[in-house]
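**Student:** Please find one structure pasted underneath; my questions will follow.
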Amino acid sequence: MKKVLVIGCGGVAGVAIRKCAQNSDVFGEICIASRTVSKCDALKQKLEGKTKSVITTAQVDADNVDQLVALINEVKPDIVLNLALPYQDLTIMEACLKTKVDYVDTANYECEDTNDLEWRAIYEKRCKEKGFTAYFDYSWQWAYRERFEKAGITALLGTGFDPGVTSVFTAYAQKHYFDEIHTIDILDCNGGDHGYPFATNFNPEINLREVSANGSYWENGHWVETKPMEIHRTYNFDGVGEKDMYLLHHEEIESLAQNIPHVKRIRFFMTFGQSYLTHMKCLENVGMLGTEPVEFEGHQIVPIQFLRRLLPDPASLGPRTVGKTNIGCIFTGIKDGKERTLYIYNVCDHQECYREVESQAISYTTGVPAMIGTAMVLQGLWKRPGVFTVEEFDPDPYMDALNKWGLPWQVDENPVLVP
Ligand code: NDP
């Protein structure tokens, strides 16, 4: 039986930890750590008596490598599951390297202070070289490849739903359905309604930074960048119905472009309602999405962090959200010389998730794959020294695990394509 150290105890971690506790044959011990240990204790209390896994808690500031190293040395986990924020990816990877422990996360590194001069110089160089301006990219974490390989430990990056399951769907399509995949459209539809005029389904700061940024897609070997929300399509989603969706930059495009040999175009679309978009535009226009501190009555305030305080906690949306999500990928390409199309997707019901783990489907569809990816490494099925994204491993055991642990998927061999 293995021991996992989970960093973070927010919406996604709440689901992942509950799923680890359901899978106690693999996760014999779970240590939950974040800055606010009382939240970790509250979750531990809820789970005690309902699982065979032994649960402990600890306090850690994951921005501090020394604190992380001390905690890892004390807890002695077999693996660290990072479900804090993307800001902490590098410090946690650094601590894993120092202690030679495997590492797993769900989102790629993003710098918290985008005005940091050292970071900004590297970022601006990358914008010019690569052609996209998103604040996050894989270069920071891929830079650890050689050191993880030499240390003989695995880093599994991006095992949420997107990135994560969408990349596993791609590996599965490549393995079983195509000789060459030519196009990939990743469609992320949330048909849920929480009844608030405006709220975000996961960490508001990360969510709003992503959605208000320029869009981009991969075409014929390079990035094409668009203005925010410039490309709009309508699609009729199984289980949800017709929704407006918008092209966004998304991290798995970067790794899939490298790992799927014949791919010519990769796009990512997410659905948004008009109320969400109107609120976001207004907040942006008045400066509330700013990441630079402003002085207010003697205090330094970062507007987007203050906004986060005002918005409903995503974890509180669970009881009030009704409807379904539908997330998946549409592929075109060739098999045995003939053209072929394929859609692999999962439909998830917000209320069913709430009944099972007291959370809405967005945290559920991220937390379940976080548990599965961690189990893949712990069980030795996806254990290889180095830094990898999920499409680099055999998708079959992961696809089986999705069916087993609450995210069953469907295959449509004749889907409507996105123009
Ligand atoms: P929340 O804001 O709900 O939770 C974040 C958690 O991180 C909190 O428990 C917080 O606890 C902890 N944390 C933050 N800073 C630190 C720190 N310095 N040290 C220790 N712990 C810290 O976020 P979510 O659960 O919504 O999201 C978690 C991750 O999942 C994010 O990286 C997000 O980008 C990713 N995600 C991935 C998706 C995918 O499909 N791949 C989809 C949705 C989210 P405390 O304040 O007590 O320290």
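Values quoted throughout were computed directly from the atomic coordinates according to the rules given, and no laboratory measurement underlies them. These numbers come from a predicted model, not from an experiment. Cβ coordinates were reconstructed from backbone atoms using ideal geometry, including for glycine residues, and neighbour counts include every protein chain displayed.
**Student:** Among LYS76/LYS404; LYS130/LYS335; LYS3/LYS98; LYS19/LYS243, which pairs are too far apart, with a Cα-Cα distance over 22 Å?
**Tutor:** Going by Cα-Cα distance, LYS76/LYS404; LYS130/LYS335; LYS19/LYS243 fall outside the 22 Å limit.
**Student:** What's the FRET efficiency of LYS264 with GLN59 using the Cβ-Cβ distance as r and R₀ = 60 Å, to the nearest 0.05?
**Tutor:** Here the calculated transfer efficiency is 0.75.
**Student:** Does segment 53-178 come out rounded, prolate or oblate, given a ≥ b ≥ c as the square roots of the eigenvalues of its C-alpha gyration tensor, rounded meaning a/c under 1.5 and, failing that, prolate meaning a/b above b/c?
**Tutor:** oblate
**Student:** What list of ³J(HN,Hα) values in whole Hz, one per residue of segment 265-281 in order, does the Karplus curve 6.51 cos²θ - 1.76 cosθ + 1.60 (θ = phi - 60°) give from phi, with Gly and Pro shown as x?
**Tutor:** Each residue's phi maps through the Karplus curve to give 8, 10, 10, 10, 10, 10, 7, 9, x, 4, 4, 4, 5, 5, 4, 5, 4 Hz.
**Student:** How large is log10 I(q)/I(0) at q = 0.06, 0.10 Å⁻¹ when the Debye formula is applied to the Cα atoms of the chain, each weighted equally and without solvent?
**Tutor:** -0.22, -0.66
**Student:** Go ahead and collect, in residue order, the members of segment 196-218 whose backbone nitrogen is under 15 Å from a label point 7 Å along the Cα-Cβ direction of THR36.
**Tutor:** 203-205
**Student:** Would you give the gap between the C-alpha center of segment 148-176 and the C-alpha center of segment 323-377, rounded to a whole Å?
**Tutor:** 14 Å
**Student:** Another one. First measure r as the distance between the Cβ atoms of LYS383 and LYS175, then evaluate 1/(1 + (r/R0)^6) with R0 = 22 Å and state the FRET efficiency to the nearest 0.05.
**Tutor:** With a Förster radius of 22 Å, E is 0.70.
**Student:** Using only the Cα atoms of segment 287-419, what are the Rg and Dmax in Å?
**Tutor:** Computed over the Cα atoms of segment 287-419, radius of gyration and Dmax are 20.4, 69 Å.
**Student:** Next question. What do you get for Rg/Rh over segment 1-121 if you use C-alpha atoms and the Kirkwood form of Rh?
**Tutor:** Computed over Cα atoms, the ratio is 0.99.
**Student:** So what are the ³J(HN,Hα) numbers for segment 121-136, from phi and the Karplus equation (6.51, -1.76, 1.60; θ = phi - 60°), rounded to whole Hz, Gly and Pro as x?
**Tutor:** My calculation for segment 121-136 gives 5, 5, 4, 5, 5, 5, 4, 5, 5, 9, x, 9, 10, 4, 6, 10 Hz in order.
**Student:** Shifting gears a bit: Per 0.36 nm of contour for each residue apart, how much would the distance between ASP238 and ASN285 grow if the chain were fully extended, relative to their Cα-Cα spacing?
**Tutor:** That works out to 13.4 nm of additional length.
**Student:** May I ask you to list the lysines whose Cα is less than 25 Å away from that of LYS338, ignoring any residue fewer than eight positions away on the same chain?
**Tutor:** Answer for LYS338, where 25 Å is the Cα cut-off: LYS175, LYS264, listed by chain and number.
**Student:** In nm, give the distance between the simple-model label positions of HIS182 and GLU94, each being 7 Å from the Cα along the Cα-to-Cβ direction.
**Tutor:** 4.7 nm
**Student:** With θ set to phi - 60°, apply the Karplus curve 6.51 cos²θ - 1.76 cosθ + 1.60 along segment 307-321 and write out the HN-Hα couplings as whole Hz, x wherever there is a Gly or Pro.
**Tutor:** Along segment 307-321, the couplings run 4, 4, 4, 7, 6, x, 5, x, 5, 8, 7, x, x, 9, 8 Hz.
**Student:** What nm distance separates the two modelled labels at LYS130 and GLU48, each placed 7 Å from Cα along Cα→Cβ?
**Tutor:** 4.5 nm
**Student:** Counting only DSSP beta bridges with both residues in the chain, what percent are antiparallel, rounded to the nearest 5?
**Tutor:** Around 60 percent antiparallel, to the nearest 5.
**Student:** Output the antiparallel fraction of DSSP beta bridges having both residues in segment 3-138, as a percent to the nearest 5.
**Tutor:** 5 percent
**Student:** Could you check the spin-label model distance between SER212 and TYR276? Points 7 Å from the Cα along Cα→Cβ, value in nm.
**Tutor:** That separation, rounded to one decimal, is 1.6 nm.
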